[in-house]
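Below you'll find the structure, written out as structure tokens, and then a few comments.
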Amino acid sequence: MTALPRLVHVGSVVVDIVMHVPAFPERGGDVLATRSEITPGGGLNVMVSARRQGCPVAYAGLCGTGPFGDMTRKELENNGIELLQGTYEGADTGYDVALVDPAGERSFATSLGAESRLDTEHLERIEIFPGDVVYVSGYGLIAQHNGPALAGWLPKVDPLARVIVDPGPLVADIADEVLRPVYQRADWWSCNQREATLSTGIQAPVEAAVALAGETGRAGVIVRTGPAGRGCVLVEAGRPPLLVPGNRVSTVDTNGAGDAHVGAFVAGLLAGLGSYEAVRRANAVAALAVTRYGPATAPAAAEVDAFLAGI
């Protein structure tokens, strides 16, 4: 048995092709980027955020064969993240193109790769221990292979392990037969306000969070409400909703901020924090992350401590 409970990530790591643009191009148009970078992202952002808060992390997704797969494996290893699967030989790791506007807001187009080929056989290799937190991403649930495999595997996960789901911006496209068993097994459901509205049809974040808690969240639901997820509604089973305030900062890039929030929240839970304090700390992590360019920009634990102390 592992010495410490881990974040076990069964989502997807892809490569981000990030371009900062003066404005989004019109249909059929073009625009020159003011800066750009190619770097592993997606689920990596969640894991790096948790690692920088001192949390043990294992990646149970797939890395492909090719330049993007090599880049992904190297970045996971450099961040001290344990790889639980072998290399997938049939395809390279997928990628997305992220356009970031001058306000720091981003839009994506994604091409799936090896990370989308996770199947039941891969999942059954994973040993989940009591106390672990299993992270599930909506990007995995929407994939043709991953979605049904995860929906069949999650109900069999050790009941003493917690499951956290971040449904992502494509939540409305996840098949109901995949989403329903995931709802039922999720201990925590973490999403932004837009995703909460897509899931419930309710615009108001508090009411949407309450509605989500009626569907899922054996422990609770988090709806990120502020820009880049810096403020939240927290709903726990049997308790009234709480507003957890965010932190005012100057935003330069929101890419990966929601992921940083989820990773820090899990790290807080595994460190023994109560849910409110874990969310408060996650809010600070997301706030610091958006002050920097790049997807995996979550701060280290000492920096978060100083930020929260007002130093």
message = Quick check: at a probe of 1.4 Å, how many percent of the accessible area of segment 146-277 sits on carbon and sulfur atoms?
response = 54
key: Magnitude of the charge dipole, the chain, Cβ model with Lys/Arg +1 and Asp/Glu -1, debye to 20   = 800
request  = May I ask you to order 188-200, 264-276, 88-100 by the average number of other C-beta atoms within 10 Å around their residues, highest value first?
outcome  = 188-200, 264-276, 88-100
query = In Å, what is the Rg of the alpha-carbon atoms in segment 170-311, and how long is Dmax?
reply = 14.8, 49
request  = Just order 207-219, 61-73 by mean Cβ neighbour count inside 10 Å, highest at the front, would you?
outcome  = 61-73, 207-219
inquiry  = Tell me the net charge near P169. Cut-off is 15 Å between Cβ atoms, P169 excluded, with +1 for each Lys or Arg and -1 for each Asp or Glu.
reply    = -4
ask   = Going from the alpha-carbon gyration tensor of the chain, what semi-axes, largest first and in whole Å, does one get by taking the root of 5 times each eigenvalue?
value = 25, 24, 20
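In Å², what does the accessible area per residue of segment 160-311 work out to with a 1.4 Å probe?
In whole numbers, segment 160-311 has 39 Å² accessible per residue.
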key: Packing-based ranking, highest mean first, of 179-186, 6-13 given that Cβ atoms within 10 Å are counted   = 6-13, 179-186
task = Mind computing the radius of gyration and Dmax over the alpha-carbon atoms of segment 28-76? Å is fine for both.
result = 14.6, 46
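Compute the relative contact order of the chain as a whole-number percentage, counting only Cα pairs closer than 8 Å that sit 6 or more residues apart in sequence.
That works out to 17 percent.
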ask   = H145 to A306: FRET efficiency via 1/(1 + (r/R0)^6), r the Cβ-Cβ distance, R0 30 Å, to the nearest 0.05?
value = 0.10
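Over the Cα atoms of segment 169-235, compute the convex hull volume and normalise it per residue, giving Å³. Write out the running numbers ahead of the final one.
Details: hull volume 4.7 nm³, N = 67.
Measuring per residue, one finds 71 Å³ for the Cα hull of segment 169-235.
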note = Computed on Cα atoms, Rg of segment 83-155 relative to 2.2 N^0.38 Å comes out at 1.33
message = Let me see the P(r) profile for segment 1-141: every Cα-Cα distance counted, bins of 10 Å, each bin given as a percent of all pairs.
response = 12, 39, 31, 14, 4, 0
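The values are calculated or read from the model by the stated rules, or taken from the named source; none is laboratory data. Predicted model, so just to flag it, every value in this text is computed and none were measured. For neighbour counting, all protein chains shown are included, and Cβ atoms are generated from backbone atoms with ideal geometry for every residue, glycine included. What goes into the accessible areas is simple: the full protein's heavy atoms, side chains included, and nothing from ligands, DNA or RNA. Shrake-Rupley method; radii C 1.70, N 1.55, O 1.52, S 1.80 Å.
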